[in-house]
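Below: the structure, in structure tokens.
The values are calculated or read from the model by the stated rules, or taken from the named source; none is laboratory data. All of these numbers come straight from a predicted model, not from anything done at the bench. Quick reminder, even Gly has a Cβ in these numbers, built from the backbone with ideal geometry, and neighbours come from all protein chains shown. Heavy atoms of the whole protein, side chains included, go into the accessibility calculation; ligands, DNA and RNA do not. Shrake-Rupley method; radii C 1.70, N 1.55, O 1.52, S 1.80 Å.
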Amino acid sequence: MRELIEQLASKRQLEKKDYIRLLEQLNEEDEQYLRELAKQKAIEYYGKDVYVRGLIEYTNFCKNDCYYCGIRKSNSNAMRYRLTKEEILACCKEGYELGFRTFVLQGGEDGFFTDDKIEDIIWAIKKEYSDCALTLSIGERSYEAYKRFYDAGADRYLLRHETADELHYEKLHPSNLSLRTRKECLYQLKEIGYQVGCGFMVGSPFQTIENLAKDLVFIKELSPHMVGIGPFISHKDTPFKDYENGLVSLTLNLIAIIRLMLPNILIPATTALGTLDKMGREKGILAGANVLMPNLSPVSVRKKYMLYDNKICTGDEAAQCRQCLNQRIERIGYHIVTERGDCKAL
Ligand code: 5AD
Ligand code: FES
């Protein structure tokens, strides 16, 4: 396995069959080696700097019905909310004071927020915080909408592909959603000029090792600026309530593999990782991740943005999380920096 890991590190890719071999046959020693190489690779590009993004979960209304997601349309137990433009700007203000220089607007696919409304919010944020990057994570929209948002000042776009296997995609989503459309959106976003992030859940129901290998092949092909992965965590009010959670160890191995494939990109140690393991985010950074995305949403709505059960930090103020993260990151010898945190050149 060592040779295969070294091959991955030097060639920055493997064939699909070799990803399968790697994922199937890693023993504990190989795992440590893989993660250590990935950690060194991240340090080569980013030192021990960790970038932070202030996540603003501005709406939990969603027209989609993804089987895994706690804010799916059919979940009548979800208490729905929307933040106003003023509330969103207040989150940015607090975030700016706490040292955030990237804001991520994330929400369900909510028809209330028309392209006009989103454009207006982007203008307002970028006018006030011109030294900050703005990331959108608001799902599938038209090419024209993506273009307008970009022209209004949005810099980055997160849209997880969820799985790069058509059949698996169909097992996770109702039939009105398709992998083809998802991929089209990602390529459009890239063409427009966004820094683009894709990603997937580790251990989602029906996922096979082959599916994961396909994810890796797709990621290399898309060559995004960011890749967000976290373990699947079941939500009690979804069709997947009885499925097992994803594995932290597999998530860490995949973070490491992705770091070796795309050494200069941005990889978050996700909240889902921190939810399944108290030290999950730290372990993520030590396996090659270099970004954290704490929540800036008002505490009053946090418990309502429950994509999965037991999500952490839903009772904490932004300032508390900021301080907590600082301590956690210092403890492993890394530092949170006050910067936009763009992707470094290869
Ligand atoms: N467990 C883990 N991650 C989830 N997401 C949605 N539901 C879950 C869940 N139950 C992830 C999806 C989505 C991102 C915003 O959150 O990958 O793209
Ligand atoms: Fe939120 Fe630790 S990061 S309380």
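Values computed for the structure shown
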item: Value of relative contact order over the chain, rounded to a whole percent, pairs C-alpha under 8 Å and six or more apart; result: 25
item: Of GLY274, GLY203, GLY193, the one that fluctuates the most in a GNM where the chain has Cα springs shorter than 10 Å; result: GLY193
item: Coil-residue trypsin sites (Lys or Arg not before Pro) of the stretch 271-335, DSSP, other Cβ within 10 Å capped at 11; result: LYS278, LYS303
item: Protection proxy ranking, peptides 262-270, 239-247, average beta carbon neighbours within 10 Å, highest first; result: 262-270, 239-247
item: Amide H within-cut-off set for ARG53, under 5 Å, with H built and near neighbours excluded; result: LEU292, MET293
item: Under 13 Å from LYS241, Cα to Cα: aspartates and glutamates that are on another chain or at least 8 residues apart; result: ASP309
item: Sulfur and carbon atoms: percent of accessible area, the chain [1.4 Å]; result: 49
item: Cysteines in the chain lacking a second Cys C-beta under 4.7 Å; result: CYS62, CYS91, CYS92, CYS132, CYS185, CYS198, CYS313, CYS321, CYS324, CYS343
item: Packing rank of 70-76, 35-41, where each peptide gets the mean count of other beta carbons within 10 Å, highest leading; result: 35-41, 70-76
item: Per residue solvent-accessible surface (Å²) - the chain, probe of 1.4 Å; result: 41
item: Estimated 222 nm signal from helices in the chain, with DSSP H stretches of n ≥ 4 weighted -39500 (n - 2.57), rounded to 500; result: -13500 deg cm²/dmol
item: Two-decimal ratio, the stretch 269-320, of alpha-carbon radius of gyration to 2.2 N^0.38 Å; result: 1.15
item: Rg/Rh ratio calculated on Cα atoms of the stretch 194-302 (Kirkwood radius); result: 0.97
item: Cα-projected label distance for LYS11 with ASP316, points at 7 Å along beta-carbon direction, nm; result: 4.2
item: Above-threshold pairs, the threshold being 32 Å between Cα atoms, out of LYS16/LYS190; LYS41/LYS171; LYS93/LYS236; LYS17/LYS41; LYS220/LYS283; result: LYS41/LYS171; LYS93/LYS236
item: Kirkwood-type radius of the chain, with distances r between different C-alpha atoms, in Å; result: 20.1
item: Over 19 Å between alpha carbons, listed pairs LYS63/LYS117; LYS117/LYS183; LYS39/LYS344; result: LYS117/LYS183
